[in-house]
Amino acid sequence: MNITVVGSGYVGLVSGTCYAESGNEVICVDIDRARIERLAAGHIPLYEPGLEELVRRNVKEQRLSFTTDLAAAVQQSMVTFIAVGTPMSASGAADLSGVLKAAEEIARAAIGYHIIVIKSTVPVGTNDKVREIVARAADHRIDICSVPEFLKEGSAIEDFMRPDRVVIGSTSEQATAILREIHSPFMRTDNPILVMHPRSSELTKYASNAMLAIRISFINQMANLCEAVGAEINDVRRGMGTDRRIGSQFLFPGVGYGGSCFPKDVQALIHSAGQHELDFSILKATDAVNGEQKRMLADRVRMHFGDDLSGRTFAVWGLAFKPRTDDMREAPSLAVIEELLRRGARIRAHDPEALANARSLFGDRISYHENNYDALKDADALIILTEWNEFRHPNFQRIRTALKQAVIFDGRNLYDPSLMKALEFRYYSIGRRPV
């Protein structure tokens, strides 16, 4: 089938590439000419494991192409997915200007029957707004549907190709049948394709991310309580997680959640509830807890070294909000580093993939190191903020030799406290007794 994907950012590029991988002919559209030129030349502007190989293969086999000409792309397709950004506004609401503009342009360009599918994360009622705009812009039938994405950065290809479920928000039997056909190659393990009203599909995406955010904030508060009463959070987490009603996913304590989805979607859901005079207090608390958690590790550093960190240098391992991505949006590292800089500290930072993004955010206020051990030179302590695999079993002798003091602040609980004690490190982690 001929498919157009409007928006060649993270969601659009992954989606378009995976649709092409299943045999469709896909045109990815973006208004950023430089981005399109880089993609056409095989240069991927973001880091996602496996994506570059898939893009190059499908471009070579002429199933995937890139353009800035939206009208020409739409006229070659029956289905157009909108995957543009919906950034959070100052009020917490999602900015829908990109979605609405794209929908109007698609409607004006479409020839005959067409399906517009909203893949961007949008608040409840967006499908209705798009339908009104399209009705004014087109004089022929265009169905409006929603197919929200459930991609995790770092495993997006696997999530798309083998999803837990596909959610289709549609009131059109014809559009539903076509969207089922497009997504059926990804559902060979009998995971469900769930068809529902568009408003329900829009809310499903927000509800899923909000629930995961709640779990993270809950386990972080439990970790804080464990420290206060002398319990061990890993024991508590295992005791909870083995209950089949609860499960163990997203019950790992740390320095808070970040990224492009959870913070924005939590705020958007709070805003949507407020528009209907509902006080979504549990989500407000979740957001507040997460903000406090991001500051916790900097407070631990201050408690150990004192309020004035002038003359102190800290090595930071991990800048991205999670491993296997270069995304630093709302990353805990931003809050931690800014607080340490504010108190006069110097920062020597390493991340396997996020150094370029970090440089665009911090400029020359910190130093950047391609090798994680190079970042340790002359540092007073090591601070771990992202759980990259290469940090899990490091050479502790090299760490101890490079640091001025054998002190580690571990925001991801990567190491065994008993091992840290045996190696004579001062070791601070989350929800466990300090060593």
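Readers should treat all values here as calculations from the given coordinates under stated rules, not as data from a laboratory. The structure displayed is predicted, hence computed values, not measured ones. Because the Cβ atoms are built from the backbone with ideal geometry, glycine has one as well, and the counts that use them run over all protein chains shown.
Computed values, structure above
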item	result
The chain: angle of helix 97-109 to the longest principal axis, Cα-based, in degrees nearest 10	20 degrees
Which of A93, I27, G9, positive extreme of dipole for region 2-196 (C-beta unit charges)	I27
Electrostatic dipole magnitude of the chain [Cβ: Lys, Arg +1; Asp, Glu -1; Cα centre; debye, to 20]	840 debye
For peptides 15-22, 264-271, sequence by mean Cβ density within 10 Å, most packed first	15-22, 264-271
Low-density loop positions, GluC sites (Glu not before Pro), region 49-128 - DSSP coil, at most 15 other Cβ in 10 Å	E61
Cα-based convex hull volume of region 129-238 per residue, rounded to whole Å³	145 Å³
Estimated dipole of region 2-196 in Debye, rounded to 20 [Cβ of Lys and Arg +1, of Asp and Glu -1, Cα centre]	140 debye
Sum of -39500 (n - 2.57) over DSSP H runs of 4+, divided by residues of the chain (222 nm, nearest 500)	-13500 deg cm²/dmol
Cα-based Kirkwood hydrodynamic radius, region 241-428, one decimal, Å	17.6 Å
Cα-Cα P(r), the chain, percent of pairs per 10 Å interval	4, 20, 27, 24, 16, 7, 2, 0
Rounded to 5, percent antiparallel among DSSP beta bridges of the chain	5 percent
Between 0 and 90°, nearest 10: helix 10-21 axis offset from the chain longest Cα axis	60 degrees
Global geometry of region 2-196, whether rounded, prolate or oblate, following the gyration tensor of its Cα atoms and the 1.5 cut on a/c	rounded
Compactness of region 1-60 - radius of gyration and Dmax, Cα, Å	10.3, 28
